[in-house]
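Enquirer: The structure's right below; bear with me while I get my questions together.
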Amino acid sequence: MKKKVCKQCKIVVSGDKCPICSGTDFSTNFQGRIYIIDSAKSEVAKKLNLGAKGEYAIKVK
Ligand SMILES: [Zn+2]
């Protein structure tokens, strides 16, 4: 199954809807991936404004 990401949150979604915003607007066209384990302690998460843990795409087209 091809990975998809939520266009709004940039989180990688494996189910039918986004776990953060419950949205269903996905893109399979994305570049790069980062995994946030603890968003409160992650500099990257702060920089990219990622509030929840999970796997994120860097760039979503
Ligand atoms: Zn979302």
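Enquirer: Checking V44 against (1) more than 16 Å from the ligand (Cβ to nearest atom); (2) part of a loop (DSSP other than H, G, I, E, B); (3) of a type in the set (V, I, T), only one condition comes out false. Which one?
Expert: For V44, the failing item is (2).
Enquirer: Also: Out of all the residues in the stretch 1-22, which are assigned to a loop (DSSP other than H, G, I, E, B), touching a residue at least 24 places away in the same chain (Cβ under 8 Å) and more than 7 Å from the ligand (Cβ to nearest atom)?
Expert: Once the filter is applied, which keeps residues that are assigned to a loop (DSSP other than H, G, I, E, B), touching a residue at least 24 places away in the same chain (Cβ under 8 Å) and more than 7 Å from the ligand (Cβ to nearest atom), the stretch 1-22 yields K2, K3, K7, K10, P19.
Enquirer: How many residues, within the stretch 3-50, are surrounded by fewer than 14 Cβ atoms within 10 Å (Cβ to Cβ) and touching a Ser or Thr at 6+ places or on another chain (Cβ under 6 Å)?
Expert: The total comes to 1.
Enquirer: List the number of the failed condition for G51; all other conditions in (1) modelled with pLDDT under 90; (2) touching a strand residue (DSSP E or B) at 6+ places or on another chain (Cβ under 6 Å); (3) part of a loop (DSSP other than H, G, I, E, B) hold.
Expert: It is condition (2) that G51 fails.
The values are calculated or read from the model by the stated rules, or taken from the named source; none is laboratory data. Predicted, not measured: the structure shown is a model, and the values here were computed from it. All Cβ positions, glycine included, derive from the backbone under ideal geometry; neighbour counts span all protein chains shown.
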